[in-house]
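*Asks:* Quick one: the structure is below, and I'll ask about it shortly.
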Amino acid sequence: MSTVREVGERLLNNMGQVILGKEEVIRQVLVALLCEGHVLIEDVPGVGKTMLARALARSIGCVFRRVQFTPDMLPSDVTGVSVFNQKTLEFEFRPGPIMAQIVLADEINRAPPKTQAALLEAMEERQITVDGVTYSLPRPFFVLATQNPIEYEGTFPLPEAELDRFMMRVRLGYPPPQEEMRMMDVQRNHHPIETIQQVVPAEELAAAQQQVREVYVDDLVKQYIVDLVTATREHEDIYLGASPRGTLFLFKGVRALAALEGREYALPDDVKRLAVPILAHRLLVTPDARMRGVQAEDVVADILQRVPVPGARV
């Protein structure tokens, strides 16, 4: 798995020049990228959500588009529109920003549900349909969406069907004090996003994505994944557990994480590291548990404590 590990280290080091002190979050985004999944970055303003997406786009030789979602945005503003050409007397398709390889959906929860739904087909099937005509999206295709969980005025919460299409939900959080000190020194004259260069061509990324599929996952690890997902459906504080899509994403994620670590096999520890970012946003906490301050992340952490690890003594 040397190719995947080398690609990961190059991207990690390059993006680490812009996003300081968040190596684990960057690694999670790379896991989703290698699995051809999508990532929802949810955090307060000013912690670097948009900068993370820009740093990734600059590090890879891919076509990058940014969509700034607003309440008055239409689905055609995302997918594109057919325009009548008076010279040829035919309709011509003018593609929208979704026709790119890396798409930043900035403040996705500010768009109305109809516009949010325009992303569903693109994220799941890698295609869009406009006026009855289907257009394939380029490969690799990766959506990075951001949203602010604090400000609710003028926002439209993402429906469960769309949340389920995101492989991961990650949170950057505030940087450690020493990294915040370093941040001021690094940005004294210019922002590092202006100087980072491409370190991985699209062809090498595609090869790494293919190599990830060769990682071995033992049946005991697979059973551990299924046991964790099943436990989310039976937990007393949850009334909607993780879907089978969550099982598949966790299975794919552990293969990518193992490859990034240079291993040809997955471990139960890989499952533990990815359980919260992959499963938590798929769970709906009961009203009673919510009143007690229980969050989905707490439930996943509790399940990890309850479900026995394969090979461990109970």
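The values are calculated or read from the model by the stated rules, or taken from the named source; none is laboratory data. This is a predicted model, so every value here is computed, not measured. Glycine gets a Cβ as well: all are built from the backbone with ideal geometry, and neighbour counts include every protein chain shown.
*Asks:* Only one residue in 154, 173 is at positive phi and at pLDDT below 80. Which one?
*Replies:* Every option except 154 fails the conditions.
*Asks:* If the Cβ limit is 9 Å and pairs must be 6+ apart or interchain, which residue in region 139-157 that is outside the structural domain of residue 29 (by TED's automatic domain parsing) pairs with which residue that is modelled with pLDDT of 75 or more and surrounded by 12 or more Cβ atoms within 10 Å (Cβ to Cβ)?
*Replies:* none
*Asks:* For residues that are part of a helix (DSSP H, G or I) and in contact (Cβ under 8 Å) with a residue 40 or more places away in the chain, tally how many sit in region 252-269.
*Replies:* Summing the residues that are part of a helix (DSSP H, G or I) and in contact (Cβ under 8 Å) with a residue 40 or more places away in the chain in region 252-269 gives 9.
*Asks:* Basic (Lys, Arg), assigned to a helix (DSSP H, G or I), free of Cβ contacts under 8 Å to residues at least 60 places away in the same chain and closer than 21 Å to residue 29 by Cα: which single residue out of 245, 273 fits that description?
*Replies:* Within the list 245, 273, the selection yields 273.
*Asks:* Something else about it: Out of 279, 260, 267, 304, I need the residue that is over 17 Å from residue 240 (Cβ atoms) and surrounded by 22 or more Cβ atoms within 10 Å (Cβ to Cβ). Which one?
*Replies:* The match here is 260.
*Asks:* Let me ask another. Between a first residue in region 80-94 that is of a type in the set (S, T, N, Q) and a second residue that is surrounded by fewer than 10 Cβ atoms within 10 Å (Cβ to Cβ) and modelled with pLDDT under 80, which pairs have beta carbons less than 9 Å apart while being 6 or more apart in sequence or on different chains?
*Replies:* Pairs that qualify, where the first residue is of a type in the set (S, T, N, Q) and the partner is surrounded by fewer than 10 Cβ atoms within 10 Å (Cβ to Cβ) and modelled with pLDDT under 80: there are none.
*Asks:* Next up: Residue under question is residue 302, and the condition is that it be at pLDDT 90 or above, outside the structural domain of residue 26 (by TED's automatic domain parsing) and closer than 12 Å to residue 237 by Cβ; does it hold?
*Replies:* yes
*Asks:* Taking region 75-112 as the search range and keeping residues that are of a type in the set (Val, Ile, Thr) and more than 30 Å from residue 150 (Cβ to Cβ), which one is surrounded by the fewest Cβ atoms within 10 Å (Cβ to Cβ)?
*Replies:* 88
*Asks:* Let me ask you something else. Of everything in region 10-51, what is crowded, with 23+ Cβ neighbours inside 10 Å, more than 14 Å from residue 170 (Cβ to Cβ) and in contact with a strand residue (DSSP E or B) (Cβ under 8 Å, 6 or more places away or on another chain)? Give them in sequence order.
*Replies:* Of everything in region 10-51, just one residue is crowded, with 23+ Cβ neighbours inside 10 Å, more than 14 Å from residue 170 (Cβ to Cβ) and in contact with a strand residue (DSSP E or B) (Cβ under 8 Å, 6 or more places away or on another chain), namely 11.
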